[in-house]
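Engineer: Below is one structure. I have some questions about it.
The values are calculated or read from the model by the stated rules, or taken from the named source; none is laboratory data. Note that this is a predicted model, so its numbers are computed, not measured. Here the Cβ is made from the backbone with ideal geometry for all residues, glycine too, and neighbour counts use every protein chain on show.
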Amino acid sequence: MRKIPVFFSALLILAAFLPFSSCQRENVHTVYAITAEYAPAERTLSADMSVAYVNQTENVKEELFFLLYPNAFQEGTTPPVSPMRAPAAYYDGESYGKLEILSVDGGTYSVDGTCLCIFLDEPLYPKEEVQISMTFQTVLPKVNHRFGVGETCVNLAHFYPLLTEEEYCDVPPVGDPFVSECSDYEVSLTLPEEYSLACGGEVQTIAQTGKKTYHILSENVRDFAVVFGKGLSCSEMQVSGVTVEYWAKDEGEEGLRAAVDALAFFSRTFGQYPYEKYVVVRTDLDEGGMEYPALSMVSSALHPSEVPTVTVHETAHQWWYSAVGSNQVEEAWMDEGLAEYSTALFFDAHPTYGLGREEYVSRAERAYRAYYSVKTQLLQGADTSMRRPLSSFSNGYEYVNLAYHKSTVLFDRVRLCVGDGKFYSALKDYYREFSGKIAAAEDLIACFHRAFGHVEELFSSFLDGKCVV
Ligand SMILES: [Zn+2]
């Protein structure tokens, strides 16, 4: 086992002497080292971060871009919270968040809304590494949201500058606007001692007077998130060699059972779960759930009957998002459709949950047809293409119907066309080949092509909006 505190000290010393340097390295992840402390009275997180980035592209880079998600919550902006849900989500009235960059070592920088651009002092050639460090302060809004101080818990996601490409530095009102490569995170997080921490990484805790510092190591993940709060308790079970932790304020076994059953089913069906631990935490959200590597947030406001469906969907994202990445900004149908259809397959294999695949798919189909009917009647026609950037969706209703419901119907049509055996074989290949990478739509379609033959027209008829469902 890695001795994290020693490693942290060494890394901080290294960062102090080498704020900006480059050398040749190949096939290594970006390493984020974050030291942060949360102050609950001010809802602020004060942090130092160093990023060791290796240019894995074939292009020379002169700039690096980071997404500053908290700046989508600044006063005067439209936050990524559904207008319908905003009154309940902002439980204490208006509240704002932001991320302020205080310093950057090794380069000049500019901030434009949710985009941080660092102008490198020297061009970064392919396979070269650069180390940059920065200090920042994040203010969390009071909102039941994946990023925010909720009514009972703090959801600490997207709180740090996330390395991405320039075109993915915006935060549209709908969807999950995150496109990031798998990286390694070494995080040192200090919290008041009364909080409990739910986290998917390997954790060592050091108690101080009135505080606790958590040293967290998360490797091979494309994002880093934790949840903390007072009075959270944890139940756990082992399945397929994985520890499943279920964090909640109130007991409720339906979520833990669904998480365990789903983890076992998807491991058997698609390939082994990629981490040693899987954490589900019931917390304050404006949506049903949200996925992070090795951690799923599931809303504590759900009716008990909704908990299994949301938990299974978020668990499926461990395969279709955490392991196999896709472009969530331009191809949201890929991971959402696969997570939804995997949920339908799970229920088909687990009749005790009382919801079969056919019913699950027909619900999606009915919802999509209702959307299509409304849209065509109101607007004399509807653009039902699925390959489109998040910014092109006019609202959450359109997004859900195209990225979730229509995509569910698409995967059901594909399964009916190719047969169960080849359908599962294609998804196993997809998982094996693209784990740890970001797959394009063509990569997914090619897996079905290899298993069955020509499926391109079936996919394109849905994706391009040509077929009538
Ligand atoms: Zn989802």
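Engineer: Going through the range 180-209 one residue at a time, which ones are farther than 18 Å from A294 by Cβ and assigned to a strand (DSSP E or B)? Outline the logic, then answer.
Structural biologist: Here is the first cut: in the range 180-209, the residues farther than 18 Å from A294 by Cβ are 188, 190-195, 206-209.
Answer for the range 180-209, where residues must be farther than 18 Å from A294 by Cβ and assigned to a strand (DSSP E or B): S188, T190, L191, P192, I206, A207, Q208.
Engineer: Those residues that are surrounded by fewer than 23 Cβ atoms within 10 Å (Cβ to Cβ), within 20 Å of G289 (Cβ to Cβ) and in contact with a strand residue (DSSP E or B) (Cβ under 6 Å, 6 or more places away or on another chain), I need them from the range 154-176; list them, please.
Structural biologist: A157
Engineer: Could I ask something else about it? Condition check: closer than 25 Å to E236 by Cβ and either touching a Lys or Arg at 6+ places or on another chain (Cβ under 6 Å) or within 12 Å of the ligand (Cβ to nearest atom) (or both). Does S326 satisfy that?
Structural biologist: Working: closer than 25 Å to E236 by Cβ: no; either touching a Lys or Arg at 6+ places or on another chain (Cβ under 6 Å) or within 12 Å of the ligand (Cβ to nearest atom) (or both): yes.
In short, no.
Engineer: Any chance you could count how many residues in the range 58-96 are loosely packed, with under 14 Cβ neighbours inside 10 Å and in a loop (DSSP other than H, G, I, E, B)?
Structural biologist: 10
Engineer: Now for a different question. Please determine whether any residue of the range 378-387 is among the β-branched types (V, I, T), at pLDDT 90 or above and within 16 Å of S460 (Cα to Cα).
Structural biologist: Kept after step one, since they are among the β-branched types (V, I, T), are these residues of the range 378-387: 384.
Those left that are additionally at pLDDT 90 or above: 384.
Still in the running and within 16 Å of S460 (Cα to Cα): 384.
Yes; the residues of the range 378-387 include at least one that is among the β-branched types (V, I, T), at pLDDT 90 or above and within 16 Å of S460 (Cα to Cα).
Engineer: Just name the residue that is farthest from the ligand (Cβ to nearest atom) out of those in the range 265-286 that are farther than 20 Å from C182 by Cα and surrounded by fewer than 18 Cβ atoms within 10 Å (Cβ to Cβ).
Structural biologist: Per the criteria, the residue is R268.
Engineer: A further question on this structure: Please report, ordered by residue number, the strands (runs of 3 or more DSSP E) entirely within the range 116-157 with at least 3 residues that are over 22 Å from V51 (Cβ atoms).
Structural biologist: On the way: elements: 128-139, 147-149, 153-157.
Fully inside the range 116-157 and qualifying: 153-157.
Engineer: Buried (at least 20 other Cβ atoms within 10 Å of the Cβ) and modelled with pLDDT under 95: which single residue out of A451, A426 fits that description?
Structural biologist: Values: A426 fails: modelled with pLDDT under 95.
None of the other options fit; the residue is A451.
Engineer: Next up: Filter the range 288-312 for residues that are assigned to a helix (DSSP H, G or I) and surrounded by fewer than 24 Cβ atoms within 10 Å (Cβ to Cβ); which is nearest to the ligand (Cβ to nearest atom)?
Structural biologist: Taking the range 288-312 first, the residues assigned to a helix (DSSP H, G or I) are 304-312.
Still in the list and also surrounded by fewer than 24 Cβ atoms within 10 Å (Cβ to Cβ): 304-306, 309-310.
Values: P304: 20, S305: 19, E306: 14, T309: 11, V310: 9 Å.
Among residues in the range 288-312 that are assigned to a helix (DSSP H, G or I) and surrounded by fewer than 24 Cβ atoms within 10 Å (Cβ to Cβ), the one nearest to the ligand (Cβ to nearest atom) is V310.
Engineer: Name the single residue, out of those in the range 165-201 being β-branched (V, I, T) and within 16 Å of the ligand (Cβ to nearest atom), that is modelled with the lowest pLDDT. Please lay out each step first, then the result.
Structural biologist: To start, the set of residues in the range 165-201 that are β-branched (V, I, T) comprises 171, 174, 179, 187, 190.
Within this subset, residues satisfying the condition of being within 16 Å of the ligand (Cβ to nearest atom) are 174, 179.
Values: V174: 93, V179: 96.
Once the filter is applied, the top-ranked residue is V174.
Engineer: Regarding T315, is this residue of a type in the set (V, I, T) and surrounded by 24 or more Cβ atoms within 10 Å (Cβ to Cβ)? Explain how you work it out, then say what you get.
Structural biologist: Numbers: of a type in the set (V, I, T): yes; surrounded by 24 or more Cβ atoms within 10 Å (Cβ to Cβ): yes.
Spelling it out, T315 is indeed of a type in the set (V, I, T) and surrounded by 24 or more Cβ atoms within 10 Å (Cβ to Cβ).
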